[in-house]
Amino acid sequence: MAGSLVFRNHRLGLPEHRFLLRVIVRSGIGEHSYCPRNFVERREGAPTHQDALDEMDAFFDAAIADLLHRTGVAPGDVDVLVVNVCMFSPGPSLASRIVRRFGMREDVAAYNLSGMGCSAGLVSLDLARNALRARPASVIALVVSTESIAPHWYTGTDRSMMLGNCLFRCGGSAALLTNDPSLGRRAKMALHHLVRANIAADDEAHASAQKRDDGSGRAGISLSKDLPKAAARALTLNLRRLAPRVLPVTELARFAVRNLCKNLVLSRGHAKKTHVAAANKINFKAGVEHFCIHPGGTAVIEGVKASLDLDAYDVEPARMTLHRWGNTSASSLWYVLSYMEAKGRLKRGDRVLMLTFGSGFKCNSCVWEVKGCMADKGAWAECVDEYPPETMANPYMEKYSWLNDVQGDALLL
Amino acid sequence: MSSAAQLKRLKPVYQCVVNNFLLVLAVPLAVAGVVSLARVGPEELLAKLQALRPVHVFLAVFLPAAAATLYLMMRPRAVYLVDYACFRTKASGRVPFGTFLEHAKLVTFIEGASIDERSVRFMTRLLERSGLGEETCLPPAHHYIPPFRNLEASREEVELVIFSAIDDLLAKTGVKPEAVDFLVVNCSLFAPVPSFADMIIHRYGMRSDVRNVHLSGMGCSAGLVSVGLARNFLQTAPRGSTALVVSTETITPNYYVGKERAMLLPNCLFRMGGAAALLSTSPAKARFRLSRVVRTLTGAQDGAYRCVYQEEDEEGHRGINLNKDLMTIAGDALKANITAIGPLVLPASEQLLFALSFIARRVFGSKGIKPYLPDFRMAFEHFCIHAGGRAVIDELQKSLNLSDEHVEASRMALHRFGNTSSSSLWYELAYIEAKGRMRKGDRVWMIGFGSGFKCNSAAWECIEPARDAQGPWAECISRYPVDIPDVLKH
């Protein structure tokens with residue numbers, strides 16, 4: 001379907017189509033990701049305010065109602081509501097919309113976050129955790145993350161902005177948090193550490209993911225070439241603060257000693273820098289069993305895999321989420337976690353590291369400890385058995401590879 | 001003497017007794033205790049003291065000390081306002097009625113705009129009765145024909161407003177940007193990527209571990225939501241942390257070019273403005289102490305949820321639809337908020353009267369007995385009511401039985417700056433201080449209303465009033481207050 005969507009944009013020339021084909025084939029996204037109704041109805045070029053609201057309503061009705069029903073928590077019991085949707089902020093806020101839809105109390109502390117990028121899920125978690133700590137009594141917080149895709153199909157020709165079309169897909173998550181000890185017995189996980197790093201002070205990092213006009217009046221999210229570098233820097237800053245809280249003293253000591261040796265060796269110029277540097281990476285597996293990496297794209301996942309020295313088993317949940325759901329922005333982490341749960345990987349006492357990146361540029365991370373039984377298949381119920389698939393080759397290559405063979409610059413469709 | 005006059009004379013006595021009830025009870029008991037001790041005699045007293053064992057003495061000293069320490073430790077940490085700064089509008093951005101209406105007339109000729117002559121006449125009538133003056137400001141993009149409503153122009157307005165407010169604030173307080181630990185920004189109708197919080201961190205080179213949040217879509221009362229959130233952060237953070245709260249509204253993308261009447265009202269009322277405030281848990285250099293933040297959200301009811309609603313009209317033009325029932329719904333939200341904040345701020349005498357009246361209405365039926373309206377003037381010296389519009393301020397003045405002087409700050413802020421949404425409360429506080437009316441110990445009540453429908457309150461206590469009239473009112477405070485006629489013919 002994405003193919004037909006792309007071809008409907010008559011402004012694109014042959015070089016743009018070839019570029020898109022390369023991006024889509026290498027994106028790691030499969031054929032089952034979701035788009036909003038107005039795309040299916042061929043109205044992606046002229047989205048209305050109501051389309052965006054309908055997309056949100058469809059998600060609220062499904063996810064939040066299901067969560068409240070499964071946990072047995074009534075909407076009137078929710079004390080804190082945090083909603084984050086990066087690219088859509090209507091008036092009244094989506095938080096108010098949820099309060100109305102589910103009939104929550106008058107004194108519910110609602111917060112609506114926007115513009116905070118793909119790592120807003122952890123920002124909301126931080127906010128909810130703070131709200132729980134600042135209140136004396138037992139509190140229930142509902143954290144809702146989703147993204148608005150309906151009004152944001154880019155119809156121009158700027159390449160940095162077309163990437164968004166290829167990556168972002170529909171999805172959302174809702175999580176219930178509490179500091180009530182009586183509910184704690186039924187809890188699945190406990191939140192231990194949360195670290196946020198924001199390098200917006202740097203010019204390049206700040207401009208690496210930006211919503212702007214493309215010069216011909218069309219707005220879109222522009223992802224610049226400096227994005228991987230900004231991500232790497234933010235990741236380093238974040239892990240530097242996270243590592244001492246998460247890793248055992250033995251691993252920290254080992255890393256410190258090796259670092260010292262490396263510096264001594266380098267100062268004497270005995271060995272090549274790259275060889276020594278590559279050998280000394282901190283081993284996060286000493287403190288964490290599972291890794292929930294934001295499936296921002298294959299490059300992000302591969303980058304984190306290389307930095308943290310992970311193997312294919314560790315990044316499989318992220319890769320499979322990217323394949324099945326695409327990049328659903330802030331909620332994608334929960335799909336990755338749900339994959340691990342559906343595959344039965346999460347045992348009591350295991351620790352899970354959630355790592356996200358987002359515009360700004362931010363890198364946020366948190367560590368959960370599994371407390372209860374986690375065997376719920378959730379969103380993966382119907383398809384987890386088909387994963388991992390035998391082949392990850394993108395069918396678009398076969399279907400559209402003729403684009404590479406066309407002569408000339410123009411394409412008449 | 002009539003019974004009403006008699007009751008009025010007795011009221012101060014009643015208030016004195018009830019508000020100092022513990023003292024009224026303790027004094028006779030203390031006197032009785034002293035008298036009985038005197039009767040006992042010095043020798044018997046000495047004998048009793050010698051009979052006391054060390055453990056009694058220890059417990060008598062230790063237990064109260066331990067209880068007091070525990071009580072002090074369990075209390076939530078106090079949060080202080082170090083200072084605040086509002087965006088100072090420039091005369092070049094001024095939009096007198098003549099300019100606004102001429103501009104609107106020319107917009108009717110633009111292709112794609114549905115606004116017509118009838119709409120312009122309607123807006124003229126609205127403006128004349130709105131309570132706005134001739135010095136309110138619109139962003140530069142709205143002075144063009146057609147008005148620019150794109151991303152770039154919106155970003156320029158944001159940068160102009162919030163950077164100048166934050167520059168003023170940092171200069172006033174002498175705080176370095178690297179010292180800020182939390183950053184909360186709220187802007188209802190514009191949420192770019194990267195967010196405002198990222199823009200501020202970028203511009204001022206803040207630390208990479210500053211915890212920041214951008215609240216969006218939360219309406220005109222979002223300023224108090226941000227203050228409440230900053231308070232939450234500060235109470236769970238190490239002592240001495242600072243939080244920067246920035247409230248603004250971006251007008252540029254929200255010029256409505258349709259002809260739906262309910263949606264033309266925001267064009268006439270919303271104006272450019274913004275404010276930045278620095279909060280901290282350290283009392284050093286603090287000017288106000290935040291005592292309460294109470295939030296009420298009545299969005300569970302359909303009518304309340306839809307009364308301020310952003311939507312597209314029949315021709316596809318997006319704007320904010322203000323329902324006719326806005327005043328009733330605001331009144332209900334206010335009642336709910338007062339019910340929540342009343343017990344926290346009112347003196348015991350008023351609460352008792354309110355409780356008695358409530359019980360009497362229940363027992364004897366609500367027809368015969370009017371509900372008792374607690375006198376909030378006993379709890380607060382100053383009132384900052386969101387300058388949402390003339391009708392809102394009038395309605396609140398009536399509901400809370402306030403004098404013209406109490407609501408003067410709100411009316412004058414509406415006249416001089418228009419409805420600047422979430423930052424209007426800070427402009428009103430600046431008015432009270434510029435007029436030299438703030439004294440140490442004065443209590444201020446900030447009431448915000450906004451889409452949702454929310455009614456949020458914050459109660460502040462002044463520690464140190466402003467030393468001079470610097471701020472958004474510096475150049476014009478001497479002209480205020482002005483008399484605002486019902487219909488301002490221009």
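The values are calculated or read from the model by the stated rules, or taken from the named source; none is laboratory data. Predicted model, so just to flag it, every value in this text is computed and none were measured. When we count neighbours, we look across all protein chains shown, and the Cβ atoms used for this are built from the backbone with ideal geometry, even at glycine.
In the range A:58-75, is there at least one residue being within 13 Å of chain B (Cβ to nearest Cβ), over 20 Å from A:Met189 (Cβ atoms) and touching an Asp or Glu at 6+ places or on another chain (Cβ under 9 Å)?
No, the range A:58-75 has no match at all.
Please report, ordered by residue number, the helices (runs of 4 or more DSSP H) entirely within the range A:134-216 with at least 1 residues that are over 19 Å from A:Gly121 (Cβ atoms) and more than 14 Å from every other protein chain (Cβ to nearest Cβ).
Qualifying helices (runs of 4 or more DSSP H): A:159-167, A:181-184.
Looking only at the range A:214-244, which residues are over 30 Å from A:Pro151 (Cα atoms) and of a type in the set (S, T, N, Q)?
Residues satisfying the conditions are A:Thr236, A:Asn238.
Answer with yes or no whether B:Ala153 is within 29 Å of A:Ala219 (Cβ to Cβ), in contact with a strand residue (DSSP E or B) (Cβ under 7 Å, 6 or more places away or on another chain) and not in a loop (DSSP other than H, G, I, E, B).
Answer is no for this residue.
Which condition breaks for A:Val300 when tested against (1) surrounded by 21 or more Cβ atoms within 10 Å (Cβ to Cβ); (2) farther than 25 Å from A:Phe88 by Cβ; (3) of a type in the set (Val, Ile, Thr)?
So A:Val300 meets the others, but not (2).
Here are the criteria: (1) assigned to a helix (DSSP H, G or I); (2) surrounded by 11 or more Cβ atoms within 10 Å (Cβ to Cβ). Tell me which single one B:Val82 does not satisfy.
Failed condition: (1).
Find the residue count for the range B:223-249, including only residues that are more than 8 Å from every other protein chain (Cβ to nearest Cβ) and among the basic types (Lys, Arg).
Within the range B:223-249, residues that are more than 8 Å from every other protein chain (Cβ to nearest Cβ) and among the basic types (Lys, Arg) number 1.
Each row is one residue, and each column tells you yes or no for (1) aliphatic (A, V, I, L, M); (2) in contact with an Asp or Glu (Cβ under 9 Å, 6 or more places away or on another chain); (3) under 30 Å from A:Asn283 (Cβ atoms).
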{"position": "A:Ala137", "(1), (2), (3)": "yes, yes, no"}
{"position": "A:Thr155", "(1), (2), (3)": "no, yes, no"}
{"position": "A:Cys166", "(1), (2), (3)": "no, no, no"}
{"position": "A:Pro181", "(1), (2), (3)": "no, no, no"}
{"position": "A:Leu191", "(1), (2), (3)": "yes, yes, yes"}
{"position": "A:Arg196", "(1), (2), (3)": "no, yes, yes"}
{"position": "A:Ile199", "(1), (2), (3)": "yes, no, yes"}
{"position": "A:Ala205", "(1), (2), (3)": "yes, yes, yes"}
{"position": "A:Gly215", "(1), (2), (3)": "no, yes, no"}
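Considering (1) more than 10 Å from chain B (Cβ to nearest Cβ); (2) within 21 Å of B:Val227 (Cβ to Cβ), say which one A:Asn112 fails and leave the rest.
(1)
Conditions: (1) assigned to a helix (DSSP H, G or I); (2) among the small types (Gly, Ala, Ser); (3) farther than 22 Å from B:Ala387 by Cα. B:Ser282 meets all but one. Number of the miss?
B:Ser282 satisfies every listed condition except (1).
Checking B:Ile329 against (1) outside any strand (DSSP E or B); (2) modelled with pLDDT of 90 or more; (3) more than 17 Å from B:Cys220 (Cβ to Cβ); (4) not small (Gly, Ala, Ser), which single condition isn't satisfied?
Tallying (1) outside any strand (DSSP E or B); (2) modelled with pLDDT of 90 or more; (3) more than 17 Å from B:Cys220 (Cβ to Cβ); (4) not small (Gly, Ala, Ser), B:Ile329 fails exactly one: (3).
Which numbered condition in (1) under 26 Å from the mean Cα position of the chain (by Cα); (2) of a type outside the set (D, E, K, R); (3) under 23 Å from A:Ala234 (Cβ atoms); (4) assigned to a helix (DSSP H, G or I) is the only one that B:His214 fails?
Condition not satisfied by B:His214: (4).
Enumerate the pairs (first residue in the range B:242-263 and on the phi > 0 side of the Ramachandran plot and in a helix (DSSP H, G or I); second residue anywhere and at pLDDT below 90 and surrounded by fewer than 24 Cβ atoms within 10 Å (Cβ to Cβ)) with beta-carbon separation below 8 Å, excluding pairs fewer than 6 apart on the same chain, so at least 6 apart or on different chains.
none
If you scan the range A:88-109, which residues turn out to be facing chain B (nearest Cβ under 7 Å) and either farther than 14 Å from B:Ser451 by Cβ or in a helix (DSSP H, G or I) (or both)?
A:Leu94, A:Ser96, A:Val99, A:Arg100, A:Gly103, A:Met104, A:Glu106, A:Asp107, A:Val108, A:Ala109
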